[in-house]
Every structure is written in C-alpha cells, then in structure tokens.
Amino acid sequence: MNVLFSAVTAVIVVFFMGIRIVRPTHRGLIERLGKYNRFANLGFNWIMPVIEHIYLVNTTEQMVDAEPQEIITNDNLNAKVDAQVYFKVKADETSVKSSQYNVNNYQWQIVNLARTTLRNIIGTLTLKSANSERGKINAELHRTLCEETSSWGLEIVRTELKEIDPPKDVQETMNKVVKAENEKIAAVDYATATETAADGQKRAEIKKAEGIKQARILQAEGESEAIKLVNEAAEKFFVGNAQVLRKLEAVEKSLENNAKIVIPAGTELVNVVGEMAGVLPLRKEEKEIKSSK
C-alpha cells in the first residue's frame, strides 16, 4: 500500500514538474537529451523532467540600438551616427528554429551588421547628402538587413537613423550657412513684396490719371457742344450780322455791371434787341403817324 502511494505521489510530482505554459508572446522549442524534438505552441505543454527542456523564444517586435559610432564621410568629415533596428522573430516553427539554430545571439548579430552597413553606406556620401538623404539611408540599411538575416527566421520591421552629427566646428559653419540662406530668402521676399506694392501704387496712379484724362475729355466735349449750340444760334439769329453780334456782347457785358447804355434810335442794334425781347420795332412811317396824332 505504501509502495503504491509512493508511486502515485511520484507520478503526480513528475507530472506537475513537467507542466509548461507558453504565453501568446512566445513560442517554445522542446529538446530531448540535447536534440530538437517538437514545437511548443501556445497554452499548456508537458515535458519529461530532466530528459526534456523547453526554450522559449519571444516573437513580439523588439528594438536594438546600433550604438553611436564615428564614421568618416566621403568629404573626410567625422560624423557621429546612431541608428535603431526594429525586428521580430516569425512565429512559425521553422522561423523559431532558425533563430535558435542558425545564428548565435541574433540581437548582437543585428547590432554589428547594422553598424557595418552604416559605415559602408555613409562612407560613400558627403555629410550634407547624408543629412538630406536619411530616407535613402534607412531604405538601404533595411534592405541589407533583410537580405543578410533571411536565414535567421527574423523579420526586419524598420530601421531608423537617430542622428548624424558632424563635428562641432562644422556644425557651427553649417548653422551660419543656413542662417545666411534664410536671410537671403527673407530679403528676396521683402524685395518682392515692395515691388508688388510699387506696382500696385503705379497702377493706381495710372487709373487716377486715366480718370482725370477722361474727365477733361468729357469737359472738353461739353464745352465743344456748348460752342456748337452757340454757333448754331448765331447762325440762326445773326446770319451776316457779325458786327451786330459783337455789339450785343458788349451790351451784355456792360449790363452785368448795371451800366446804363444809350442806344440811338433807328439803329439795327435796337431792332435786334427788340426781336430777342419779342417786340417788333416800329417803322419810320408808323412813328410819324403816331407822333402826328
């Protein structure tokens, strides 16, 4: 009885010792006596204690820092370069096995591969082009890492350049150049705005001059029309009587100042004034008859 109890107890202990739970963020490789035996999926797994071992592999996205390094650019400047690599182990059995059996410490390997690749890429570029072509450097770094780690069971998600810092004196010079370019652009913008304002003022003056010109033309046309009407009236009432017209003008100007003018009777000027006033002049015979009465 005691032997049976001891055996049952031993089986229970061994069973619980062999329980392994695999979380959703991991996958497991089970080895028996140092040889790969089977793949441990999510959830409950059981291994034989002592004889079998399970190795858990993280399959979530991870990040490694390539660590800052000094790289000589194509224009012989020392640039401090740092980058980050984001990757993850693929969750299928073949990829998990490759990450453990095809490469030793894949994180360390990725760091060194990224550093070497950055030296090769940036070494062919000038410092200015390296700063302006970060997207191109990232793409080239990502492509190289994907090719080199294709047998490691990894997926290189993305790569990011953290910094490309030139020496301090070079940075100060670059800042002065950028400042000068910005001041140049601001000066050009100011000159353009001033020129635009001057053009606007010029157009306004032209419009004003055109308005004055048009007003004077209209005024001249009005005066011309008035002269025309006067001429027509003169032609109608004073045909062949230019001398009489001049006399009437003289009378008109004199009357404006309340002057008294004595006009001799029987002159043509009296007849003209009478016609304009609606009074017909008397003939000489009629005058004589009326005076005799």
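So here's what we get for this one:
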{"quantity": "The stretch 26-114: GluC sites (Glu not before Pro) in DSSP loop, at most 16 other beta carbons within 10 Å", "calculated": "Glu61"}
{"quantity": "R0 of 45 Å, Cβ-Cβ distance Arg38-Asp65: FRET efficiency to nearest 0.05", "calculated": "0.80"}
{"quantity": "Rounded if a/c under 1.5, otherwise prolate or oblate - the stretch 2-58, Cα gyration tensor axes", "calculated": "oblate"}
{"quantity": "Nearest-0.05 FRET efficiency for Asn58 and Thr124, computed from C-beta distance (R0 25 Å)", "calculated": "0.10"}
{"quantity": "Simple Cβ-charge dipole of the stretch 2-58, Lys/Arg +1 and Asp/Glu -1, about Cα centre, in debye nearest 20", "calculated": "180"}
{"quantity": "Label-point gap, in nm, between Ile72 and Glu210 - each point 7 angstrom along Cα→Cβ", "calculated": "7.0"}
{"quantity": "At R0 = 41 Å, FRET efficiency that the Cβ-Cβ distance of Gln107 and Val11 yields, to 0.05", "calculated": "0.50"}
{"quantity": "Computed label-point distance, nm, for sites Asp92 and Ala186 using a 7 Å Cα→Cβ extension", "calculated": "5.9"}
{"quantity": "The stretch 22-177: C-alpha gyration tensor shape, a/c 1.5 cut-off, then a/b vs b/c", "calculated": "prolate"}
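Just so you know, all these numbers are worked out from the coordinates, no wet-lab data involved. Everything numeric in this text was worked out from a predicted model, so none of it was measured. All Cβ positions, glycine included, derive from the backbone under ideal geometry; neighbour counts span all protein chains shown.
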